[in-house]
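**Q** Structure incoming, see below.
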Amino acid sequence: MKKVVKFGGSSLASAEQFSKVKKIIDADKDRRYIIPSAPGKRNPKDTKVTDMLYACYDKAVRDEDFKKELRDIRDRFQKIIDGLNLKTDLTEEFRTIERNFNEKAGEDYAASRGEYLNGIIMADYVGASFVDSAKVIFFKENGEFDYEKTNDFLTRALTDVEKAVIPGFYGSTPDGKVKTFSRGGSDITGSIVARAVKADVYENWTDVSGVLIADPHIIDDPEVIDIITYKELRELSYMGATVLHENAIFPVRIEGIPINIRNTNAPDEKGTWIVQSTGQKSKFTITGIAGKKGFCSINIEKDKMNTEVGFGRKVLQAFEDNDISFEHMPSGIDTMTVLVHQDEFMNKEQNVVSQINRTTHPDSIDIESDLALIAVVGRSMKSSRGTAGRIFSALAHSNVNVKMIDQGSSELNIIIGVTNDDFETAIKAIYDIFVVAAL
Ligand code: ASP
């Protein structure tokens, strides 16, 4: 068996956390490919090393003195090295970083140094080879990730290596410059490595015991999801669930490699399995709930809309011409509603409305803002009757007015629109009826 293990920033924030990580790696000889993040927060008030690097480079770019900032970063790493009784010497590395900062090597180069240095320490600590991600992970000239070139290089670079550390978050462009993924991108690196070595599992170690059924800021101590499909997770992440970077699914999906989310601080817990497909019923009728605030609905009415060929296209054209993507589009016989992100729409509102007026001559256009969307996701909904009924009666009992309903034809999710003010109440009501009531 081959396992790829990725450790998030909070799992590597201090020497103490590093030693937990080593125990995890040593406990299973199949854990051969290790992807570290940069050191994260040691406590809620702490700063992530990645953010320290951005701030430090910001000074360098403005030709201000950044020595103190760089020294603080070095101290963070030195504390880890000393705490682990290692001999790793980063003097030369920091000299190079300082020189490259002076030469304005780029913000991405700066940010990537957190993963790079943590990788060097990790390789020393666990006795593994260090593979610099700039030499094996590639982006194209236009900035897109280069899947095939990366897969080729990585597969070759890792074939005969018994144990390797490959830092997360960055790679390089054809001109040799370092480029990073978006924030939280070490998850993507782990997934890319898992694909390249055809791993049996991609373990993603973090500081929670898996993907939670609902946001812990809204529900106290929510249940952990035992098993979830890639598709279900994609729906939940799109709607705001944040355990894993949303682009981390694609590489492992190609090979059907399962992801196991685990907790570094509670390694005996099984965590969440994210899989291609499963015959296992989820514990509850729904797999998860997620949602976002800040949407706006544009409701267009016109008598006999149903007979007017091209009406919908003309309406959507107005959004396209103003570079606004839409989220949902429920419709009735003589009405059509388009849901968009409020912040993208607000300053283009009048342009869109006047174009719709001009091209479709509707009877009315109503705009409602401050709406929230909630996705209730679950593969088991397909085969259980009455799910929608239970959702809506729970919402009615909690006095939540439902503004919009949209059920995808895959029956994997039901999307509900409510006002921003009702958002938390609605999520609580849905959680209670499907999870609390079933415990
Ligand atoms: N260190 C980077 C960040 O803070 C990447 C990561 O942790 O995945 O976003």
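**Q** Can you tell me which condition Ala55 does not meet? The list is (1) within 16 Å of the ligand (Cβ to nearest atom); (2) over 20 Å from Ser11 (Cα atoms); (3) surrounded by 17 or more Cβ atoms within 10 Å (Cβ to Cβ), and all the others hold.
**A** (3)
**Q** Among Thr173, Thr189, which is the only one that is of a type outside the set (D, E, K, R), within 15 Å of the chain's Cα centre (by Cα) and within 30 Å of Ile97 (Cα to Cα)? Working first, answer last.
**A** Working: Thr173 fails: within 15 Å of the chain's Cα centre (by Cα).
Of the residues listed, the single one that is of a type outside the set (D, E, K, R), within 15 Å of the chain's Cα centre (by Cα) and within 30 Å of Ile97 (Cα to Cα) is Thr189.
**Q** If you check Ile225, Ile188, Ile120, which single one turns out to be within 16 Å of the ligand (Cβ to nearest atom) and in contact with a Leu (Cβ under 8 Å, 6 or more places away or on another chain)? Write out each step before concluding.
**A** Numbers: Ile225 fails: within 16 Å of the ligand (Cβ to nearest atom); Ile188 fails: in contact with a Leu (Cβ under 8 Å, 6 or more places away or on another chain).
None of the other options fit; the residue is Ile120.
**Q** While we're here: Can you pull out the residues in the stretch 420-439 that are among the polar types (S, T, N, Q) and without any contact (Cβ under 8 Å) to a residue 40 or more places away in the chain? Even if it seems obvious, please write down each step before you answer.
**A** In the first step, residues of the stretch 420-439 are kept if they are among the polar types (S, T, N, Q); the result is 420, 425.
Thr425, the sole residue that qualifies.
**Q** Sticking with this structure for a sec: Restricting to the stretch 28-49, name every residue that is touching a residue at least 40 places away in the same chain (Cβ under 8 Å), more than 14 Å from the ligand (Cβ to nearest atom) and in a loop (DSSP other than H, G, I, E, B).
**A** Asp30
**Q** Taking the condition of being farther than 22 Å from Ser331 by Cβ and touching a residue at least 24 places away in the same chain (Cβ under 8 Å), how many residues in the stretch 396-419 meet it? Walk me through it before giving the result.
**A** The first filter runs over the stretch 396-419 and keeps only residues farther than 22 Å from Ser331 by Cβ, leaving 396-400.
Still in the running and touching a residue at least 24 places away in the same chain (Cβ under 8 Å): 397-400.
Total satisfying the criteria: 4.
**Q** Let me ask something additional. Given the condition out of contact with any Lys or Arg (no Cβ under 9 Å at 6 or more places or on another chain), touching a residue at least 24 places away in the same chain (Cβ under 8 Å), within 30 Å of Lys283 (Cα to Cα) and not in a loop (DSSP other than H, G, I, E, B), answer yes or no: does some residue in the stretch 176-188 qualify?
**A** Scanning the stretch 176-188 turns up at least one residue that is out of contact with any Lys or Arg (no Cβ under 9 Å at 6 or more places or on another chain), touching a residue at least 24 places away in the same chain (Cβ under 8 Å), within 30 Å of Lys283 (Cα to Cα) and not in a loop (DSSP other than H, G, I, E, B).
**Q** I'm trying to understand the selection: among the residues of the stretch 148-179, which are closer than 19 Å to Ile254 by Cα and of a type in the set (Val, Ile, Thr)?
**A** Answer for the stretch 148-179, where residues must be closer than 19 Å to Ile254 by Cα and of a type in the set (Val, Ile, Thr): Thr150, Thr155.
**Q** Still on this structure, please answer the following. List the number of the failed condition for Asn306; all other conditions in (1) modelled with pLDDT of 90 or more; (2) more than 30 Å from Phe7 (Cβ to Cβ); (3) outside any loop (DSSP other than H, G, I, E, B) hold.
**A** Failed condition: (1).
**Q** Across the stretch 191-214, what is the number of residues that are away from the ligand (no atom under 15 Å from the Cβ), in contact with a strand residue (DSSP E or B) (Cβ under 7 Å, 6 or more places away or on another chain) and farther than 16 Å from Trp273 by Cα?
**A** 2
**Q** Name the residue, out of Gly8, Gly106, Gly83, that is on the phi > 0 side of the Ramachandran plot and modelled with pLDDT of 95 or more.
**A** Values: Gly8 fails: on the phi > 0 side of the Ramachandran plot; Gly83 fails: on the phi > 0 side of the Ramachandran plot.
Among Gly8, Gly106, Gly83, only Gly106 is on the phi > 0 side of the Ramachandran plot and modelled with pLDDT of 95 or more.
**Q** Look through the stretch 162-175, keep the residues that are touching a residue at least 40 places away in the same chain (Cβ under 8 Å) and more than 16 Å from the ligand (Cβ to nearest atom), and return whichever of them is surrounded by the most Cβ atoms within 10 Å (Cβ to Cβ). Please lay out each step first, then the result.
**A** Narrowing the stretch 162-175 to residues touching a residue at least 40 places away in the same chain (Cβ under 8 Å): 162-170.
When the remaining residues are screened for being more than 16 Å from the ligand (Cβ to nearest atom), the result is 162-164.
Numbers: Glu162: 9, Lys163: 15, Ala164: 21.
Among those residues, the one meeting the criterion is Ala164.
**Q** Confirm whether Lys104 is charged (D, E, K, R), in contact (Cβ under 8 Å) with a residue 40 or more places away in the chain and not in a helix (DSSP H, G or I). Explain how you work it out, then say what you get.
**A** Working: charged (D, E, K, R): yes; in contact (Cβ under 8 Å) with a residue 40 or more places away in the chain: yes; not in a helix (DSSP H, G or I): yes.
Taking the combined requirement at face value, the residue satisfies it.
**Q** Within the stretch 141-160, count every residue that is in a loop (DSSP other than H, G, I, E, B) and either touching a residue at least 40 places away in the same chain (Cβ under 8 Å) or over 23 Å from Met122 (Cα atoms) (or both). Full working, then the answer.
**A** From the stretch 141-160, those in a loop (DSSP other than H, G, I, E, B) are 141-144, 146, 159-160; that's our starting set.
Remaining after also requiring either touching a residue at least 40 places away in the same chain (Cβ under 8 Å) or over 23 Å from Met122 (Cα atoms) (or both): 141-144, 146.
Going through the stretch 141-160 one residue at a time, the tally reaches 5.
The values are calculated or read from the model by the stated rules, or taken from the named source; none is laboratory data. Everything numeric in this text was worked out from a predicted model, so none of it was measured. Because the Cβ atoms are built from the backbone with ideal geometry, glycine has one as well, and the counts that use them run over all protein chains shown.
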